[in-house]
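The values are calculated or read from the model by the stated rules, or taken from the named source; none is laboratory data. This is a predicted model, so every value here is computed, not measured. Cβ placement follows ideal geometry from the backbone for every residue including glycine, while neighbour counts extend to all protein chains displayed. Note: areas computed on protein heavy atoms with side chains; ligands, DNA, RNA excluded. Shrake-Rupley method; radii C 1.70, N 1.55, O 1.52, S 1.80 Å.
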Amino acid sequence: MSELTLNGGAAILRACISLPFAGVWSADIEVDTDEEVAGAVTIEVDGAVSLRGAAVDGGVTHGLWRGRIVGGAGGLRRPLPALAYLDALRSDVVRDALAEAGESLSSTAGDLSAVVARFHRAEGAAARAIDATAAALGYGWRVLGDGTVWLGVETWPASPEADITLLEHDPRERRYTLGGEVLGVRPGQLLQVRDEGADVFVRVGPVRLEVEPDHFTATVWSAP
């Protein structure tokens with residue numbers, strides 16, 4: 001079974017990792033360490049960096065650190081002042097908000113060269129400016145595993161091949177519960193699962209990964 005570690009060292013004993021289809025991912029984790037965790041961190045799977053984020057809450061009790069990690073630098077919750085734009089590019093709006101929040105734009109982001117005659121950035125969390133820009137362009141957006149912010153059109157690349165087992169399927173809620181090698185499942189992928197003897201291709205929406213000492217499970221909601 002795969003091994004999860006924090007910063008390549010301490011073992012992650014338990015985790016609940018929420019990967020939204022739009023927005024910032026978060027991970028509530030329990031780590032085998034008596035040292036405080038702060039600032040930039042990486043969650044690694046078998047020694048390879050899987051998720052880059054920042055510790056925003058937590059503490060040590062009885063030799064375990066329990067806390068929350070959020071995707072990126074943790075700055076998308078940061079309040080930004082109102083700002084007016086005139087004949088600006090959408091990229092100006094995004095890059096300004098990310099710079100003030102201490103975040104980075106993904107190199108795989110979509111085209112942000114559209115001109116906006118007037119745009120008023122409302123006072124509030126940096127994520128609101130990103131959300132407003134994505135909505136205006138008809139884009140999706142989320143913080144990726146590498147900690148960068150992506151905006152763009154969904155292309156549904158195939159999920160990496162892995163030994164994944166379908167445990168339960170609720171068609172009413174478009175929900176799939178999966179076991180096995182599920183730690184690489186991410187929103188925006190096209191995932192192939194076998195349901196009652198037939199191959200089903202799922203457009204992955206929100207994902208919740210549950211890590212326990214003896215097993216991993218993923219709950220996947222298919223995107224509309």
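Values for this structure:
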read-out: Some residue of the range 162-181 being open to solvent by 40 Å² or more (accessible area, probe 1.4 Å), closer than 29 Å to A99 by Cβ and either without any contact (Cβ under 8 Å) to a residue 24 or more places away in the chain or not in a strand (DSSP E or B) (or both); value: no
read-out: Tally of residues being within 18 Å of I17 (Cα to Cα), more than 15 Å from the chain's Cα centre (by Cα) and either of a type in the set (G, A, S) or open to solvent by less than 20 Å² (accessible area, probe 1.4 Å) (or both) across the range 60-83; value: 2
read-out: Yes/no for D146 being within 30 Å of A10 (Cβ to Cβ), open to solvent by 30 Å² or more (accessible area, probe 1.4 Å) and of a type outside the set (V, I, T); value: yes
read-out: Residue tally, condition under 16 Å from L51 (Cβ atoms) and open to solvent by less than 40 Å² (accessible area, probe 1.4 Å), over the range 205-224; value: 5
read-out: Positions within the range 60-76 being at positive phi and out of contact with any strand residue (DSSP E or B) (no Cβ under 7 Å at 6 or more places or on another chain), in sequence order; value: H62, G63
read-out: Hits in the range 133-143 - residues which are surrounded by 16 or more Cβ atoms within 10 Å (Cβ to Cβ) and within 17 Å of L89 (Cα to Cα); value: T133, A134, L137, Y139
read-out: A127 at pLDDT below 95, assigned to a helix (DSSP H, G or I), within 14 Å of V94 (Cβ to Cβ) and aliphatic (A, V, I, L, M); value: no
read-out: Any hit, the range 4-15, residues being within 21 Å of R142 (Cα to Cα) and not aromatic (F, W, Y); value: yes
read-out: Sole residue being hydrophobic (A, V, I, L, M, F, W, C) and over 26 Å from R208 (Cα atoms), chosen from L112, L105, L64; value: L112
read-out: Among (1) over 26 Å from E103 (Cβ atoms); (2) open to solvent by 60 Å² or more (accessible area, probe 1.4 Å), the one test that V153 misses; value: (1)
read-out: Criterion violated by S50 - all others in (1) over 14 Å from N7 (Cα atoms); (2) among the polar types (S, T, N, Q); (3) modelled with pLDDT under 95 satisfied; value: (1)
read-out: Test: S91 is in contact (Cβ under 8 Å) with a residue 12 or more places away in the chain, of a type in the set (S, T, Y) and closer than 15 Å to I130 by Cα; value: yes
read-out: Residue, most open to solvent (accessible area, probe 1.4 Å), within the range 1-56, restricted to residues that are assigned to a strand (DSSP E or B) and among the polar types (S, T, N, Q); value: S18
read-out: Within the range 123-144, tally of residues that are among the hydroxyl-bearing types (S, T, Y) and more than 21 Å from A84 (Cα to Cα); value: 1
read-out: Some residue of the range 184-191 being open to solvent by 50 Å² or more (accessible area, probe 1.4 Å) and among the polar types (S, T, N, Q); value: no
